[in-house]
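A quick write-up on the structure given underneath.
The values are calculated or read from the model by the stated rules, or taken from the named source; none is laboratory data. Just so it is clear, the model here is predicted, and its values are computed rather than measured. Here the Cβ positions follow ideal geometry from the backbone for every residue, glycine too, while neighbour counts run over all protein chains shown.
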Amino acid sequence: MAKLDQHFFDIGYMDTLSAQQTPIHRLDPRAKLITSLVFITTVISFGKYEISALLPYFAYPVFLGAMGNIPPVYLLKKLLLVSPFAVMIGIFNPLMDRDILINLGGMSISGGWISFLSILIRFGLTVGAALTLIAVTGFNAVCMALDKLGTPRVFVVQLMFLYRYVFVLVDEAARMVRARSLRTFEGGGSGIKTYGPLVGHLLLRTMDRAQRIYLAMCCRGFDGEIRIVKPSKFGIMEIGFTVGWSALFIFMRVYNVPSLMGGSILELIK
Amino acid sequence: MHMADALISPTVGGAMWVASAGLIAYSSKKVKDDSDDARIPLMGVVGAFVFAAQMINFTIPGTGSSGHLGGGMILAILLGPYAGLLTMASVLAVQALFFADGGLMALGCNIFNLGFFPCFIAYPLIFKNIVGSTLNKRRLFTAATISAIVALQLGAFSVVLQTLFSGISELPFDTFVLLMQPIHLAIGIVEGLATSAVVLFVWKARPGIIRSVKTSAPVGNISLRQVVIGFLAAAVVIGGILSWFASSNPDGLEWAMFKTAGTDDLSNPPEGLPAALANVQEKTALLPGYGFKPNKAEHAAEAPSSEPLVNTGKTASGLIGGAITLLLAGLLGFALKRRKTSIEPD
């Protein structure tokens, strides 16, 4: 969470990306959400020493990103930024698991290194899929999909409210941080004594804002029930997308595609 | 502290999803039944506040580093357990989707670790008991600090268990616990200080906010037993569904064996009820065949016997195939990317 400003700046950028008009963006959000969940489930269901069979799965995020016009360098940078936890836990695998699993022309590779690499690939796949999902769908559309798929309305509304106001409040917090640093020298004013009132004021202002929002909602006829306009349809495109990709994921789960390809090429050479 | 997709198995991820979905459904119902409409915008905006507050740092006394608010405990204190859990879950969902903190499959774990413990354990059992019926500064401070620490300790322990049951990481239980708990004790103290600083300020400025929540949010009669039973049931069901899938999967060694043996026995996994039951039983033991010490010995014993099977030829075919796959994926990207109008971050 060190680069939080950068993160929030990213939310705005992701929002811009999700507002594009491509065939992928136009798909019903439910199709993309369900397909991404199938994708993640199949990816994490592999055994821990699996590497080669995981590789074809990169086709999905690459397809979404390319069709949805998402800059790949940006996504990769984002992936690297958030990798610490998986890497930190994964790096213990080579230390703990030293059984030799593969002998490659005299070089022995222990199971730990293989499972570590596997963790990194899983990380890239799952996080990449989640990021491209949001970049080609948009947060509000994901919320609509959740609503249509039966998530409690209160929670969906909560997500949409949070997303709407996160921009406002983050700007406010950024102004406070800037004001504090302008008025102090060499990190002064950053103690816990200042922190409490600073964040406390932000909280009080937030609650006042919530009250104003509530009153404004009441003025517009809010009666405790939230109504969401959902102009979406699950057509032939959506069915094709969901079923096609899911079938491919399961196929790649059952058959190790790279190994098959590599094997047949070796056969050809012979 | 966020659990990651890369470290969990579908059984653990799915079970935690079911548990968290249940918590969300239950809390949603409670919040809906609570006829206070003003709470709906309040929850949303306070959720956004948690993000904003994370931008404001403070220096940790005695060290050079800085800390910020985590969220779970202050949400429980300000909004009560149900609204607090929903708000924390929404914060985690946004973090998972936008910041890739954790992941979609691990979201269930994260909601449980960072939402359930502060809202349903630390808040009712610790915070409320310490604060008691009469509010004062010292009690509020102690309650907020201790409950934040305990919530984080429980959450960290839960991360250890989830990682362990998933069997993807090799870290043995005791090492992992010794690694996680002290780190999260330090983080918890910082979090506790930050939480109590904010709570004390709010109490001083507008005591009504703290008091009204404290009186108006009774914690319902959730029995821990029901939660545990529901959770176990979910694990059994999901484990059962996924086990056929997992068991028909040749992992590294089995795959090599199948290739050399030249039989496609593995594509026809044993069928029928006994096999299914055996699978369920295997999975419900929550010990996938790998990752635990006793099994590792087996694995080690197994490895040499199958060593001739993992010959260089097989590995080469894997490597060649892998390289081609990656190349194809890259080409796919280029082929599909017709539009050159890229959007640059300004």
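Specify the residue that is nearest to the other protein chains (Cβ to nearest Cβ); the eligible residues are those in the range A:228-270 that are part of a loop (DSSP other than H, G, I, E, B) and under 19 Å from A:D28 (Cα atoms). Before you say what the answer is, go through the steps one by one.
At the first step, the residues of the range A:228-270 found to be part of a loop (DSSP other than H, G, I, E, B) are A:228-235, A:255-256, A:270.
If we keep only those that are under 19 Å from A:D28 (Cα atoms) too, we end up with A:228-235.
On the way: A:I228: 13, A:V229: 18, A:K230: 19, A:P231: 22, A:S232: 19, A:K233: 24, A:F234: 20, A:G235: 22 Å.
So the residue we want is A:I228.
Within the range A:185-194, identify whether any single residue is modelled with pLDDT of 85 or more and not assigned by TED's automatic domain parsing to the domain that holds A:Y13, and answer yes or no.
Initially, the range A:185-194 is screened for residues modelled with pLDDT of 85 or more, giving none.
Scanning the range A:185-194 turns up no residue that is modelled with pLDDT of 85 or more and not assigned by TED's automatic domain parsing to the domain that holds A:Y13.
Here are A:N69, A:N103: which of them is more than 23 Å from the chain's Cα centre (by Cα) and either assigned by TED's automatic domain parsing to the domain that holds A:T242 or of a type in the set (V, I, T) (or both)?
Working: A:N69 fails: more than 23 Å from the chain's Cα centre (by Cα).
Unique residue meeting the criteria: A:N103.
Assess whether B:I56 counts as being more than 22 Å from the chain's Cα centre (by Cα) and hydrophobic (A, V, I, L, M, F, W, C).
So B:I56 fits the description; yes.
A:G221: surrounded by 12 or more Cβ atoms within 10 Å (Cβ to Cβ), more than 7 Å from every other protein chain (Cβ to nearest Cβ) and either in contact (Cβ under 8 Å) with a residue 12 or more places away in the chain or farther than 22 Å from A:V170 by Cβ (or both), yes or no?
On the way: surrounded by 12 or more Cβ atoms within 10 Å (Cβ to Cβ): no; more than 7 Å from every other protein chain (Cβ to nearest Cβ): yes; either in contact (Cβ under 8 Å) with a residue 12 or more places away in the chain or farther than 22 Å from A:V170 by Cβ (or both): yes.
No; evaluated as a whole, the condition is false for this residue.
Would you be able to say whether some residue in the range B:107-126 is in contact (Cβ under 8 Å) with a residue 24 or more places away in the chain, at the interface with another protein chain (Cβ under 8 Å from one of its Cβ atoms) and within 22 Å of the chain's Cα centre (by Cα)? Even if it seems obvious, please write down each step before you answer.
Restricting attention to the range B:107-126, the residues satisfying the condition of being in contact (Cβ under 8 Å) with a residue 24 or more places away in the chain are B:107-124, B:126.
When the remaining residues are screened for being at the interface with another protein chain (Cβ under 8 Å from one of its Cβ atoms), the result is none.
The answer is no; no qualifying residue exists.
For the range A:13-51, give me each residue that is within 30 Å of A:I102 (Cα to Cα), without any contact (Cβ under 8 Å) to a residue 60 or more places away in the chain and more than 16 Å from the chain's Cα centre (by Cα).
Looking only at the range A:13-51, we keep the residues that are within 30 Å of A:I102 (Cα to Cα), and these are A:39-51.
Narrowing further to those that are without any contact (Cβ under 8 Å) to a residue 60 or more places away in the chain: A:41, A:47.
Selection gives A:G47 alone.
Considering only residues that are more than 9 Å from chain A (Cβ to nearest Cβ) and acidic (D, E), which ones fall in the range B:165-207?
Correct list: B:D174, B:E191.
Restricting attention to the range A:155-201, which residues are in contact (Cβ under 8 Å) with a residue 60 or more places away in the chain, within 7 Å of chain B (Cβ to nearest Cβ) and closer than 30 Å to B:A25 by Cβ?
A:V157, A:V166, A:V170
Within the range B:14-45, take every residue that is free of Cβ contacts under 8 Å to residues at least 40 places away in the same chain and basic (K, R) and give me the one that is farthest from A:R220 (Cα to Cα).
B:K29
Looking only at the range B:72-86, decide whether some residue is at the interface with chain A (Cβ under 7 Å from one of its Cβ atoms) and either in a loop (DSSP other than H, G, I, E, B) or among the small types (G, A, S) (or both). Break it down stepwise before answering.
Going through the range B:72-86, the residues at the interface with chain A (Cβ under 7 Å from one of its Cβ atoms) turn out to be B:86.
If we keep only those that are either in a loop (DSSP other than H, G, I, E, B) or among the small types (G, A, S) (or both) as well, we get none.
Scanning the range B:72-86, I find no residue that is at the interface with chain A (Cβ under 7 Å from one of its Cβ atoms) and either in a loop (DSSP other than H, G, I, E, B) or among the small types (G, A, S) (or both), so the answer is no.
When you look at A:S52, is it among the polar types (S, T, N, Q), out of contact with any Lys or Arg (no Cβ under 7 Å at 6 or more places or on another chain) and at pLDDT below 85, yes or no?
On the way: among the polar types (S, T, N, Q): yes; out of contact with any Lys or Arg (no Cβ under 7 Å at 6 or more places or on another chain): yes; at pLDDT below 85: yes.
Yes; evaluated as a whole, the condition is true for this residue.
Just checking, does the range A:120-139 include any residue being in the same structural domain as A:L37 (by TED's automatic domain parsing), without any contact (Cβ under 8 Å) to a residue 40 or more places away in the chain and in a helix (DSSP H, G or I)? It would help to see each step written out before you state the result.
First pass over the range A:120-139, keeping only residues in the same structural domain as A:L37 (by TED's automatic domain parsing): A:120-139.
Checking which are without any contact (Cβ under 8 Å) to a residue 40 or more places away in the chain leaves us with A:120.
With in a helix (DSSP H, G or I) added as a condition, the list becomes A:120.
So far as the range A:120-139 goes, yes, one or more of its residues are in the same structural domain as A:L37 (by TED's automatic domain parsing), without any contact (Cβ under 8 Å) to a residue 40 or more places away in the chain and in a helix (DSSP H, G or I).
Only one of (1) modelled with pLDDT under 85; (2) buried (at least 22 other Cβ atoms within 10 Å of the Cβ) is not met by B:I229, so which one is it?
It fails just one condition, (2).
Would you mind stating whether B:F116 is touching a helix residue (DSSP H, G or I) at 6+ places or on another chain (Cβ under 9 Å) and modelled with pLDDT of 85 or more? Before the answer, list the steps.
Working: touching a helix residue (DSSP H, G or I) at 6+ places or on another chain (Cβ under 9 Å): yes; modelled with pLDDT of 85 or more: yes.
Yes.
Quick grid of which residues meet (1) assigned by TED's automatic domain parsing to the domain that holds B:K30; (2) under 30 Å from A:L95 (Cβ atoms); (3) surrounded by fewer than 16 Cβ atoms within 10 Å (Cβ to Cβ); (4) of a type in the set (D, E, K, R):
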| residue | (1), (2), (3), (4) |
| --- | --- |
| B:N129 | yes, no, yes, no |
| B:K137 | yes, no, yes, yes |
| B:F141 | yes, no, no, no |
| B:V150 | yes, no, no, no |
| B:L164 | yes, yes, no, no |
| B:L179 | yes, yes, no, no |
| B:H184 | yes, yes, no, no |
| B:G192 | yes, no, no, no |
| B:V199 | yes, no, no, no |
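Just give me the residues in the range A:54-94 being facing another protein chain (nearest Cβ under 8 Å), crowded, with 21+ Cβ neighbours inside 10 Å and under 15 Å from A:I119 (Cα atoms), in sequence order.
Passing the criteria: A:L55, A:F58, A:V82, A:A86, A:I89, A:G90, A:N93.
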